[in-house]
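Note sheet for the following structure.
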Amino acid sequence: MTTIDTVVIGAGHAGLAVSRLLTRAGREHVVLDRGRIGERWRSERWESLQLLTPNWMTRLPEAQPEGDPDAFPPASSFVRRLEQYAASFDAPVVAGTAVSSLAAGPGGTYDVHTDHTTWRARSVVIATGPHGRQRVPRHLGQAGVPLITSNRYRNPGRLDPGGVLVVGASSSGVQIADELARSGRDVVLAVGRHTRMPRRYRGMDIFWWLETTGRLARTIDEMPDPEAARAQPSMQLIGRAGADQVESDVDLAALHRRGVRLTGRLHTLQGCTAHFGNDLAAMTSDADRRMHAFLDSVDRYIDRCGLTREVLPPVRPAAAPLVRGPQRLDLRAEGIGTVVLATGYRPDHDWVDLPIVDEDGTFRQTRGITAAPGVYVVGQRFQQRRDSGFIDGARHDAFAVVHHLTAGAIPSADDRGSAVTREQTT
């Protein structure tokens with residue numbers, strides 16, 4: 001057993017952000033990870049993936065992004081940056097160490113059991129991120145064709161021959177469908193609830209508008225329905241940008257033009273027979289309505305701040321295609337050889353043996369502080385701010401958590417931040 005002041009679990013961007021601030025505060029700590037630094041970016045992403053957020057949105061405590069601020073770094077490039085970041089302050093990372101349980105120890109301490117040893121600490125920061133296990137719909141039966149989850153997808157050439165049914169139309173699903181279609185595969189996309197946004201609007205990247213209008217800084221306390229806010233699907237975006245396109249390039253309209261067949265939500269899959277809901281039109285109309293509501297708020301912000309002459313005219317994306325997808329498909333007859341599930345993640349905190357986990361698997365926390373004194377979480381989806389689950393947003397939670405953990409030895413917020421005028425929309 002090893003005794004130490006603080007254990008940080010997870011060596012991704014959130015865990016390293018916490019480590020940097022603990023180092024700044026002179027607090028003894030260790031960072032444990034089951035794999036390497038940024039392991040999920042290495043082993044649970046497809047090969048062509050680029051970040052959905054521009055380079056300027058990869059800010060970490062005491063480190064600014066390098067290179068073109070408007071570029072979208074490949075995942076491999078971001079991993080190298082995390083490695084360089086860790087090396088810059090000699091982060092005490094212990095790689096290849098899988099945590100099996102976190103439990104209360106004697107005298108207000110905590111025992112972090114791993115496959116190598118046990119660490120006893122006064123404080124623990126859980127920075128394992130919002131991605132637990134891939135969510136596999138319970139209604140799926142025994143599939144008659146190979147079925148993989150999106151975290152195991154690598155490239156079109158590694159799938160079995162034939163067409164592909166992609167289930168899920170949030171960011172991962174539409175990007176995978178796009179790559180498959182461009183490679184010449186026949187693709188069917190089962191569409192559930194999704195969030196449509198243009199890659200750029202009025203000449204600026206959509207994330208610039210999300211930050212400038214204060215939307216990313218909105219807190220969970222401001223949400224009329226916090227549970228719904230945390231469950232909002234990720235945006236249909238891809239990390240590439242043309243001149244000033246008004247589509248994301250992977251929204252349903254773009255994929256439909258590329259030959260992707262659209263259906264409603266997948267209801268059942270038994271053998272080679274898939275049944276879909278008759279809800280495609282309702283899903284697409286709802287997503288378009290929510291997109292236009294946000295773009296309306298951007299237009300109001302522009303008018304209020306006198307920016308009309310500084311940006312492009314308000315050209316909106318075309319309406320999503322009103323197609324009536326099939327409600328039943330025989331995968332074998334359609335030549336579909338693989339099903340890719342891009343249905344999101346569910347929390348995976350069974351290893352936490354403390355009364356800080358809700359029935360749905362999420363952490364009970366306020367601003368990263370749990371009911372177990374000295375135990376914190378960082379980087380959860382909408383943990384405190386809307387951007388908590390993004391690379392850029394984890395720094396805010398890291399500052400708040402380390403401020404509390406160290407009794408104010410560092411500021412409670414990133415002092416590089418600036419006030420913005422906040423558009424009161426959800």
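Here are the numbers for this structure:
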| quantity | calculated |
| --- | --- |
| Positions within the range 104-133 being hydroxyl-bearing (Ser, Thr, Tyr), in a loop (DSSP other than H, G, I, E, B) and either open to solvent by less than 40 Å² (accessible area, probe 1.4 Å) or under 23 Å from Ser234 (Cα atoms) (or both), in sequence order | Thr109, Thr128 |
| Residues of the range 294-324 classified as touching a Gly at 6+ places or on another chain (Cβ under 6 Å) and under 20 Å from Ala282 (Cα atoms), total | 0 |
| Test: residue in the range 309-331 that is of a type outside the set (Lys, Arg), more than 22 Å from Arg196 (Cβ to Cβ) and in contact with a Phe, Trp or Tyr (Cβ under 6 Å, 6 or more places away or on another chain) | yes |
| Scope the range 212-225; condition surrounded by fewer than 17 Cβ atoms within 10 Å (Cβ to Cβ) and touching a residue at least 12 places away in the same chain (Cβ under 8 Å); matching residues | Thr219, Met223, Pro224 |
| Condition met for Pro317 (over 29 Å from Arg45 (Cα atoms) and not in a helix (DSSP H, G or I)) | no |
| Meets criteria (of a type outside the set (A, V, I, L, M, F, W, C), in contact with a helix residue (DSSP H, G or I) (Cβ under 7 Å, 6 or more places away or on another chain) and open to solvent by 50 Å² or more (accessible area, probe 1.4 Å)) for Arg258 | yes |
| Some residue of the range 88-98 being surrounded by fewer than 19 Cβ atoms within 10 Å (Cβ to Cβ), at pLDDT 95 or above and in a strand (DSSP E or B) | yes |
| Test set (1) open to solvent by 10 Å² or more (accessible area, probe 1.4 Å); (2) touching a Ser or Thr at 6+ places or on another chain (Cβ under 8 Å); (3) aliphatic (A, V, I, L, M) - Leu22 fails condition number | (1) |
| Wholly within the range 175-277, helices (runs of 4 or more DSSP H) carrying at least 1 residues that are farther than 25 Å from Arg381 by Cβ | 252-257 |
| Count of residues meeting criterion [hydroxyl-bearing (Ser, Thr, Tyr), more than 16 Å from Ser101 (Cα to Cα) and over 23 Å from the mean Cα position of the chain (by Cα)] in the range 4-24 | 1 |
| Flag for Arg367 being on the phi < 0 side of the Ramachandran plot and among the basic types (Lys, Arg) | no |
| Residue check, Ala228 out of contact with any Phe, Trp or Tyr (no Cβ under 6 Å at 6 or more places or on another chain), open to solvent by 20 Å² or more (accessible area, probe 1.4 Å), over 30 Å from Asp68 (Cβ atoms) and free of Cβ contacts under 8 Å to residues at least 24 places away in the same chain | yes |
| Complete set of residues in the range 137-158 that are over 19 Å from the mean Cα position of the chain (by Cα) and either basic (Lys, Arg) or under 24 Å from Arg240 (Cα atoms) (or both) | Arg138, Asn155, Pro156, Gly157, Arg158 |
| Filter result for Ala281 (open to solvent by 40 Å² or more (accessible area, probe 1.4 Å) and more than 25 Å from the chain's Cα centre (by Cα)) | yes |
| Residues within the range 34-63 that are buried (at least 19 other Cβ atoms within 10 Å of the Cβ), more than 15 Å from the chain's Cα centre (by Cα) and either part of a loop (DSSP other than H, G, I, E, B) or at pLDDT below 95 (or both), tallied | 3 |
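Listed here are the residues, each with its yes/no results for (1) open to solvent by 30 Å² or more (accessible area, probe 1.4 Å); (2) touching a Lys or Arg at 6+ places or on another chain (Cβ under 6 Å); (3) modelled with pLDDT of 95 or more.
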position: Val136; (1), (2), (3): yes, no, no
position: Thr149; (1), (2), (3): no, no, yes
position: Arg152; (1), (2), (3): yes, no, yes
position: Val164; (1), (2), (3): no, yes, yes
position: Ala169; (1), (2), (3): no, no, yes
position: Arg185; (1), (2), (3): yes, no, yes
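The values are calculated or read from the model by the stated rules, or taken from the named source; none is laboratory data. Treat the numbers as computed from the prediction; the structure is a model and nothing was measured. Quick reminder, even Gly has a Cβ in these numbers, built from the backbone with ideal geometry, and neighbours come from all protein chains shown. What goes into the accessible areas is simple: the full protein's heavy atoms, side chains included, and nothing from ligands, DNA or RNA. Shrake-Rupley method; radii C 1.70, N 1.55, O 1.52, S 1.80 Å.
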